[in-house]
Every structure is written in C-alpha cells, then in structure tokens.
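Derivation of every value follows stated rules applied to the coordinates shown; laboratory data play no part. As the structure is a prediction and not an experimental result, all values here were calculated from the model. All Cβ positions, glycine included, derive from the backbone under ideal geometry; neighbour counts span all protein chains shown.
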C-alpha cells in the first residue's frame, strides 16, 4: 500500500509505473476518495503487509494521511518511508511513526537509484509475503484514493545456493544481507561480491577497531549519507566469522 498526499501525485505515478515494470501487482487510484472513506482506508491497510509512506509537509498536514499512517502503525504493518519533498525533515506525529527507520530520499538520489533502494526495502518483506488481493470496496462505495496495494513479484531462486561465500555474486550478497536484515549494509555494499566481503572481513579483523570504525563511518557518510550502524556491523562481523569457519571446514575436508 502506498500512502501519499495528492500534491506528490506526479512522482507517485512514476513510482507506481516502475513497480509495475518490476513485476509487482499494484492496485491504485489517483483520484480523491468518495463514499465511506474510513472503512475503505482501514480495509486497504488490513489487507496489506507493507505500507509505503511518502513523506512531505503536505502529507504531515493531511488528516487522511495521518489516519492511514497511524492505523498502519497500530496494525503493526511493515512501514517503508520515502522522502518526496526537498529539504523537508519529518516532524510531529510523522516523526513519531517512522521513528529510527531508514528512508529513501527521492530528492538526494537520481530516480533510478532511489527506486533501486526502494526495491531493496520491499525485497526484505517479499521473501516471506504472500500475494495481496486487491481490496474490494463495499457496495455503493467508490474507492478513489491515494493508496496502492502492492504484491511482490515472484522471486526466482535457485534450489541450490552455493555455501562457498567466495563464489557469491553481487546479487547473492545482497540477498544474504537483506535476509539477515542488514539493510544499511546492503546499501553500503552494493558493489561487493562474496570475495570482497571476505577481504573486508579480514581488514576488520586485522586493523585496530577505532581505525576501522573511522574508515567505515567516513565511507558510509560519503556513499549513503548515514552514520554506520554498530548493531548491523556487529551482526555482520559475527556472520562472517561463521562463514570463515565453514570455509575452513570445507577446505580441511577436501585435503
């Protein structure tokens, strides 16, 4: 489901078109809602697993947008915030809803790059989501509202995935990072394959921790404009340690 203000209709139409091209099944109506508005909004959220919140000043001021976002929050739906307005910083109730969630800035990045980042955020959920059927409005209710119901595309995965990290492609690395909920690192390590991860892990182990943090922090601010997450970095370090032990076991069994 996409929740947005009609002031951002043009950009949201672009996002909608790209989701369709990527294989998502999307129901959307860009006109204003008529009939039993609250019932239709509640039904839409209840039948959705993910809510994309399109942040702007107009969105924050809209009572309908606020009702959508708050109901999605109460129903514990996955929330993916994106920023559509230049120089706008979430505040008030909107800041409370998104909390510390990472958001995709469609002003900072070129549109193709921003869509790539949005796909990554949706991809985490799409691994386990089932298809969401379009909402059927109640009789005599005309649904014409700024929402979209999104079902993820089929993810084609090989039934056999190499456990040897040295053989992983960039795509496999992204799947692995997102599968372990390391979303920030998936953005930071966009161009890394499995061998690159091993080199990075070796660098982290062999260098002084403060030096490593300083370098990674600078790289994170430069590439994605975010401070490095120590929690994600710690999880990454632990996971890589397990892969190293697995590699050593594989090589020892072959000798």
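For the reader, a short list of remarks on this structure follows.
- Relative packing of 175-185, 51-61, 67-77, 88-98, which averages over residues the other C-beta atoms within 10 Å, highest first: 51-61, 175-185, 67-77, 88-98
- A straight line joining the Cα centroids of region 34-106 and region 193-255 runs 35 Å.
- Placing a label point 7 Å from the Cα of residue 61 along the Cα-to-Cβ direction, none of the residues of region 72-107 has a backbone N under 12 Å of that point.
- Computed lengthening from residue 47 to residue 191, 0.36 nm per intervening residue step minus Cα-Cα distance: 48.3 nm
- Each of 9, 123 has some number of other Cβ atoms within 10 Å of its Cβ, and from fewest to most they run 9, 123.
- Nitroxide proxy distance, nm - points 7 Å out along Cα→Cβ at residue 110 and residue 91: 3.3 nm
- Of the residues 212, 80, the one with the fewest other Cβ atoms within 10 Å heads the list, and the complete ranking is 212, 80.
- Full extension of the segment from residue 248 to residue 22, taken as 0.36 nm per residue of separation minus the current Cα-Cα distance, would add 77.5 nm.
- With the simple model of a label 7 Å out from the Cα in the direction of the Cβ, residue 231 to residue 213 spans 1.7 nm.
- In nm, spacing of pseudo-spin labels at residue 78 and residue 222 (7 Å Cα→C-beta vector): 3.2 nm
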